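Working notes, beginning with the structure itself.
Please treat every number below as a calculation from the coordinates, not as lab data. Treat the numbers as computed from the prediction; the structure is a model and nothing was measured. Counting neighbours? That spans all protein chains shown, and the Cβs are built from the backbone with ideal geometry, glycine included.
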Amino acid sequence: MSQQHTKQPDKGLEAVAANGLLHRRLFLTGSGTLAAGLGLLSATPMAAAPLEIPEWMKAPGSHMRPYGQPSAYENDVQRMVGGTPGVTGSGVSFTPLEKIHGTITPNGLHFERHHSGVPDIDPAQHKLLIHGLVERPLTFTMDALMRYPTVTRIQFLECSGNSGRSNLTAQPQQAPLGALHGLVSCSEWTGIPLSVVLDEAGIKPEGKWVLAEGADAAAMSRSVPLEKIMDDAIIALYQNGERLRPENGYPMRLFLPGYEGNMSVKWLRRLKVNAAPTMTRDETSHYTDVVLGGKAKILTFPMVVKSVITNPSPTMTLGQTGLYEVTGLAWSGAGKITRVEVSADGGATWAEAALTEPVLSKSFTRFRIPWQWSGGPATLLSRAVDETGAMQPTRAQFVGEYGERSNYHNNTIQAWGIAATGEVSNVLA
Ligand SMILES: Nc1nc2c(c(=O)[nH]1)N[C@H]1C(S)=C(S)[C@@H](COP(=O)(O)O)O[C@H]1N2
Ligand SMILES: [Mo]
């Protein structure tokens, strides 16, 4: 076995942008300069002393259990549940993006958005109907469907209402990151390519759109272009290795990589091939994007390039000056993230962050950059670029198109203000 250390030019503690941003390679090389950099960490190790024997080493621990749960000490890592008072089952719960790490969202923390609650579906009775402009209408039982070939992909799911007006109002909203931007999660999805099933039904030449309907009390339904269905749409059955959770669409959901979350119809029960979009309630009353000049955009499918710094983030406090790892998530419904830049001075200067491999298409990409906080005021921003060359707009650019009252597709550059006290808040930049 050979240990390979690729020798990179030592960028060490080189400042690459104003206000303390250091070269992204600092944390990636095991070099003397890393040790020098670590000397700047606020929590330096205590002087070595013999370890005591703790209580939990003095007797055997607890028994095995059939389904594991997080440590009781992690009880505060919860979805933040929001709902409409008096309306059963309608609302959202947010992924606490600032309390988890890596790129995969644990199933119990995947965000939720239900228009009429979570149905309790018996898989033995559930059926999927494929009809409309097809040669052979088909009905699938769960057992029949489970015999089809599957694919597995790691991809994000984002509600088009994510980020809402968090930085569009004059007073930006102060809340933990998850409550501002946590209507996005990322999972490993396994399911059946829809192209396989629709090819079996045989699409008639006039068929251009597919209406998908859910088996919830809202019978949520959306029209999907046939092109997308045949490209990378799946009937998702498994999420991070286990069957979908009820709140995420058990026993099956439509999953449309990179498209706004509401089109990934949960509890899928019907796909109807049509010649045109159906103009359902869910694509006319909701999910149209008001733009300036009294007009609205309709059928705006892709979730465009976006990023947020997860640590540090609003409502946190930096305890001490010194070296920090600034980290966050970037994603794009158009493909892979190619670059994320971070600023510590409100956008006057920028430095490139390190992207954590593997960088996958339509998936979360974790970015990291070292930052030396001197104790002075700072404004942290991140901006991502995807493989189509698209970059996040500034707030001013976005407001110029949508105004300040928009509720959907807010992918603006977000700004976190660091006060001299170390307090982090949501600010406008
Ligand atoms: N049948 C059905 N499908 C649905 C919904 C719903 O209420 N009913 N909500 C949609 C919305 S608005 C979003 S953002 C995603 C959320 O998926 P999740 O709850 O698994 O995160 O599901 C979509 N699919
Ligand atoms: Mo949504």
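Values computed for the structure shown
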item: In order through region 232-243: 3J(HN,Hα) via Karplus (6.51 cos²θ - 1.76 cosθ + 1.60), integer Hz, x for Gly, Pro; result: 9, 6, 10, 8, 7, 10, 10, 10, 6, x, 10, 4
item: Highest average packing first - 255-262, 205-212, Cβ atoms within 10 Å; result: 255-262, 205-212
item: Value at 222 nm in deg cm²/dmol, rounded to 500, when DSSP H runs of n ≥ 4 in the chain each add -39,500 (n - 2.57); result: -2000 deg cm²/dmol
item: Label-point gap, in nm, between MET64 and GLU242 - each point 7 angstrom along Cα→Cβ; result: 1.7 nm
item: Selection from ILE154, GLY376, GLY214 lying farthest towards where the dipole of the chain points positive, charges on Cβ; result: GLY214
item: Ranked by how many other beta carbons lie within 10 Å on average, peptides 111-117, 305-311, 141-147, 370-376 from highest; result: 305-311, 111-117, 370-376, 141-147
item: Positive-pole candidate from LEU51, ASN274, HIS115, dipole of the chain, charges at beta carbon; result: ASN274
item: DSSP bridge pairs, the chain: antiparallel proportion in percent, nearest 5; result: 95 percent
item: Cα-derived Rg to Rh of region 65-141, Kirkwood definition; result: 1.13
item: Convex hull per residue volume in Å³, alpha carbons only, for region 112-157; result: 165 Å³
item: Region 377-425-region 80-132 distance, computed between alpha-carbon centres (Å); result: 27 Å
item: Given charges at beta-carbon only (K, R positive; D, E negative), |dipole| of the chain in Debye; result: 440 debye
item: Sorted by Cβ neighbour density within 10 Å, fewest at the top, the residues LYS272, LYS58, LYS127, LYS295; result: LYS58, LYS295, LYS127, LYS272
item: Relative contact order (%) - criterion: Cα under 8 Å, at least six apart; region: region 73-169; result: 18 percent
item: Out-of-range pairs (alpha-carbon distance over 24 Å; input LYS204/LYS362; LYS127/LYS297; LYS266/LYS362; LYS204/LYS295; LYS58/LYS99); result: LYS204/LYS362; LYS127/LYS297; LYS204/LYS295; LYS58/LYS99
item: Projected label distance in nm at THR152 and GLN174, using a 7 Å step from Cα toward the beta-carbon; result: 4.5 nm
item: Chain lengthening between VAL196 and THR421 when straightened (0.36 nm per residue, less Cα-Cα); result: 75.2 nm
item: Neighbour net charge for GLU341 - beta-carbon separation under 12 angstrom, K R +1, D E -1; result: +2
item: Relative contact order %, the chain, counting alpha carbon pairs below 8 Å whose residues are six or more apart; result: 18 percent
item: Estimated FRET transfer efficiency when R0 is 56 angstrom, pair ARG405-HIS131 (beta carbons, to 0.05); result: 0.90
item: Per-selection Rg to Rh, the chain - Cα, Kirkwood hydrodynamic radius; result: 1.01
item: Dipole moment magnitude, nearest 20 debye, region 306-427 about Cα centre, only Lys, Arg, Asp, Glu C-beta charged; result: 220 debye
item: Percent RCO, i.e. relative contact order, over region 127-288, from Cα pairs under 8 Å lying at least 6 residues apart; result: 29 percent
item: Tail weight of P(r) past 27 Å, computed on alpha-carbon pairs of region 127-288, percent; result: 26 percent
item: Volume in Å³ per residue [convex hull over Cα atoms, computed for region 306-427]; result: 106 Å³
item: Label-point gap, in nm, between GLU55 and LEU28 - each point 7 angstrom along Cα→Cβ; result: 4.5 nm
item: Rounded to whole Hz, the Karplus (6.51, -1.76, 1.60) HN-Hα couplings of region 148-153, x for glycine and proline; result: 7, x, 10, 10, 10, 9
item: Residues HIS63, HIS101, sorted so that the one with the fewest Cβ neighbours within 10 Å comes first; result: HIS63, HIS101
item: Total formal charge among the other residues, if their Cβ is under 12 angstrom from that of VAL77, Lys/Arg +1 and Asp/Glu -1; result: -1
item: GluC sites (Glu not before Pro) lying in DSSP loop within region 45-106, provided at most 12 other Cβ fall within 10 Å; result: GLU52
item: Residue exposure sequence - LEU128, LEU51 - by fewest surrounding Cβ within 10 Å; result: LEU51, LEU128
